[in-house]
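Down below is the structure, laid out as structure tokens.
The values are calculated or read from the model by the stated rules, or taken from the named source; none is laboratory data. Since we're looking at a predicted model, the values are computed, not measured. Here the Cβ positions follow ideal geometry from the backbone for every residue, glycine too, while neighbour counts run over all protein chains shown. We work out accessible area using only protein heavy atoms, side chains counted, and drop any ligands, DNA or RNA first. Shrake-Rupley method; radii C 1.70, N 1.55, O 1.52, S 1.80 Å.
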Amino acid sequence: MSLVFSVPGKTFLAGEYLALSGGPTLVFLSQPCFETEISKGSGKVEGIHPESPAGVFMAKHREYFKKFDIQFRDAYAGKGGFGASTAQFLSVYAMWLHKEAHQQDMEKYLDFKHLLEEYYKVAWNGQGQRPSGADLVGQLKGSLTFFEKRQGLISVKSWPFSDLEFHLVHTGNKLATHEHLRT
């Protein structure tokens, strides 16, 4: 028996660079979803790079994760740009929380501030600009997420225009965010 975490793709509609300084951002979540399948096993990991935030997090908690086989499925076939890295982190973090679920203070682990602090520990090595984590919060909350870290504001709405739709088109031009922030 296995557990499957499904995390939607993300697109910043506004504020991607404002979020770097704690400012407001608007993140839209979309289909198809990334999936991480976790089952009891011997520590086999597929589809997650060991140096990615999820890979570093799992190495940090090796004793826990060595009991599971993990397979990440990228709905975008590795094209990048829709939040695969944060989807991976969110999935393994959620699995790690499952271990902690028996604790009385579970709310502290579900708090977005704790989530972001854990993410920063594995996603940023102190060089360049620290990632905002706004995409991570958006993928956690879902739908259309307004996030302003500086003031601790999170608001989740559905698409408000019933007569208006838009389509996301992947251009194939992906800027490696971690490299961009580092330099």
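List of remarks:
- Cross-chain or 6+ apart pairs with Cβ under 6 Å, segment 140-151 first and buried (at least 21 other Cβ atoms within 10 Å of the Cβ), then assigned to a loop (DSSP other than H, G, I, E, B): K149/G22
- Cβ-Cβ distances below 8 Å connect the following pairs, each with a first residue in segment 118-135 that is closer than 16 Å to F89 by Cα and outside any helix (DSSP H, G or I), a second residue that is of a type in the set (S, T, N, Q) and open to solvent by 50 Å² or more (accessible area, probe 1.4 Å), and a separation of six or more residues or different chains: P131/T177.
- Number of positions in segment 1-44 that are touching a Leu at 6+ places or on another chain (Cβ under 9 Å), free of Cβ contacts under 8 Å to residues at least 40 places away in the same chain and within 11 Å of Q88 (Cα to Cα): 1
- Contacts under 6 angstrom Cβ, first residue in segment 45-71 being polar (S, T, N, Q), partner not in a loop (DSSP other than H, G, I, E, B), 6 or more apart: S52/S85; Q71/E37; Q71/E46
- Qualifying residues in segment 61-77 (those that are open to solvent by 60 Å² or more (accessible area, probe 1.4 Å) and either among the aliphatic types (A, V, I, L, M) or more than 14 Å from M95 (Cα to Cα) (or both)) - the one nearest to the chain's Cα centre (by Cα): R73
- Scanning segment 67-82 for residues that are of a type in the set (K, R), in contact with a His (Cβ under 8 Å, 6 or more places away or on another chain), outside any helix (DSSP H, G or I) and over 21 Å from K141 (Cβ atoms) turns up at least one hit.
- If only residues of segment 154-183 that are surrounded by 10 or more Cβ atoms within 10 Å (Cβ to Cβ) and over 25 Å from G22 (Cβ atoms) are counted, the one that is modelled with the highest pLDDT is W159.
- Annotation: of all residues in segment 38-57 being open to solvent by 80 Å² or more (accessible area, probe 1.4 Å) and charged (D, E, K, R), the one that is nearest to F68 (Cα to Cα) is K40.
- Filtered residues of segment 99-117 (kept if assigned to a helix (DSSP H, G or I), at pLDDT below 80 and either open to solvent by 40 Å² or more (accessible area, probe 1.4 Å) or not acidic (D, E) (or both)): K99, M106, E107, K108, Y109, L110
- Selection from segment 2-29 of residues that are surrounded by fewer than 16 Cβ atoms within 10 Å (Cβ to Cβ) and either at positive phi or touching a Gly at 6+ places or on another chain (Cβ under 6 Å) (or both): G22
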